[in-house]
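Every number in this text was worked out from the coordinates using simple rules, so none of it is lab data. All of these numbers come straight from a predicted model, not from anything done at the bench. Using ideal geometry, Cβ is built from the backbone for each residue, glycine included, and neighbour counts are taken over all protein chains shown.
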Amino acid sequence: MAKSPEEEHPQKAFGWAARDSSGLLSPFHFSRRETGDGDVTIKILYCGVCHSDLHNVKNEWGFTMYPIVPGHEIVGTVTKTGKNVKKFKVGDRVGVGVIVESCKRCESCQQDLENYCPQTILTYNSYSQDGAKTYGGYSDIVVVDEHYVLRFPENLPPDAGAPLLCAGITVYSPMKYYGITEPGKHLGVAGLGGLGHVAVKIGKAFGLKVTVISTSLKKEEEAINKLGADSFLVSSDPAKMKAAINTMDYIIDTVSAVHPLGPLLSLLKLNGKLINVGLPEKPLELPIFPLAMGRKLVGGSDIGGIKETQEMLDFCAKHGITADIELIKMGDINTAMERLAKSDVKYRFVIDVANSLSQ
Ligand code: NAP
Ligand code: ZN
């Protein structure tokens, strides 16, 4: 008979899991593998709450394996190292993002793009190469191959820095790949949530002109005065949308729900690029006329490789970029998820795991 999650491995672990598509999280005892020769064991301090966690706990993408312990914006302290570990020692402050294993041999892995490896293993809701199920950062400890562990810069706060491990790299990587780094170019950021608000900050650090494209008029004042955006466009205001036609070089679309792409494409100039990183549960409709008429490009992007994630953390540390967060206790997670579903968070919930995960 298969062993229970609690008895499967030698290291006892405790977290919060969802058991069904209600998405409600509750305490969950499970276990982690022994610290292997190339592994580090990490005591989790903080974990960000990504909208992907919400999609997953509610099985909106259709591939959730319950029970699921979400969380892939993890910051913690190394408590054990395997004998072959070179990058880290006990006591180091480290981060873990969305991926924890890949094949290390394929074309993607060879190019430091482990995120595009066909055999990539996610931090939660995946099966490890050894057959064990992965559980994420809404928990006390995690055991990870050192290759997938990030050095967390000393001057980044561990709570407000945690969201960079997914939200940060997800917007930084397409900026680098699609050349959205040229000072003075005009970037639109659609959706001012966890990803979107970090995109505004990173875009400004690259010297771009940044316009937020949002459904929430109430976010305008803060977007400009606190986050540093140059302007704010409410997508439901036809006059303002019309005035902004043909003004943007790039748009990074972080919207989590199904929405029309036509209005966004019309905001782009000739040769403009619309990069989708949001992952709505249903396909989006792509109008071809505005695309063809302006020789525009629609692309996508999925998190980033480990090397680039380290580069992004160092970039954010250098430029003083962190997320704007609401720090919550583990016991507040279900309310936080309800609020996240309504875009009611400024701009990322982060769980104070070490101080609030009691058994
Ligand atoms: P979030 O904090 O909930 O932000 C999403 C924003 O989208 C909201 O704040 C809201 O902004 C806007 N929005 C929500 N519903 C909308 C609707 N019906 N119509 C128009 N706009 C709407 O989510 P997040 O954590 O930033 O994640 C955003 C998406 O990216 C999710 O789908 C997530 O799964 C995905 N994601 C992808 C990757 C990747 O590697 N590609 C990585 C992480 C996350 P306004 O209030 O400003 O309109
Ligand atoms: Zn995420």
From phi via Karplus (6.51, -1.76, 1.60), per-residue ³J(HN,Hα) for the stretch 260-271 in Hz, x at Gly/Pro: x, 8, x, x, 5, 4, 6, 6, 7, 6, 3, 6
Integer Hz, Karplus 6.51/-1.76/1.60 couplings in order for the stretch 183-197, x for Gly and Pro: x, x, 5, 9, 10, x, 10, 8, x, 9, x, x, 5, x, 6
Sequence-distant residues sharing a close amide H with residue 251 (under 5 Å, placed H): 188, 273, 274, 275
Karplus (6.51, -1.76, 1.60) ³J(HN,Hα), θ = phi - 60°, over the stretch 98-106, in Hz, Gly and Pro reported as x: 7, 10, 10, 7, 7, 6, 6, 10, 6
The stretch 212-359 - percent relative contact order, Cα under 8 Å, separation 6 or more: 14 percent
Local net charge near residue 45, Cβ-Cβ under 11 Å (Lys/Arg +1, Asp/Glu -1): -1
Summed residue charge, Cβ within 9 Å of residue 95's Cβ, Lys/Arg positive, Asp/Glu negative: +1
Charge dipole (the chain, unit charges on Cβ, about Cα centre) - positive-most of 333, 304, 125: 304
Packing rank of 39-49, 334-344, where each peptide gets the mean count of other beta carbons within 10 Å, highest leading: 39-49, 334-344
Projected label distance in nm at residue 63 and residue 242, using a 7 Å step from Cα toward the beta-carbon: 4.4 nm
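Restricting to the chain, what percent of DSSP beta bridges are antiparallel, rounded to 5?
Working: 35 of 61 bridges.
Looking only at bridges with both residues in the chain, the antiparallel portion is about 55 percent.
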Stretchable slack from residue 182 to residue 86, in nm (0.36 nm times residue separation minus alpha-carbon distance): 30.9 nm
Euclidean distance between Cα centres, the stretch 201-226 to the stretch 75-143, Å: 33 Å
About the Cα centre, charge dipole magnitude for the stretch 1-55 (Lys/Arg +1, Asp/Glu -1 at Cβ), debye: 140 debye
Net +/- balance of residues flanking residue 64 in space, Cβ distance below 13 Å, scoring K and R +1, D and E -1: -1
Candidates 198, 100, 234: whichever shows maximal mean-square fluctuation once the chain is modelled as a Gaussian network with Cα springs under 10 Å: 234
Value of relative contact order over the chain, rounded to a whole percent, pairs C-alpha under 8 Å and six or more apart: 18 percent
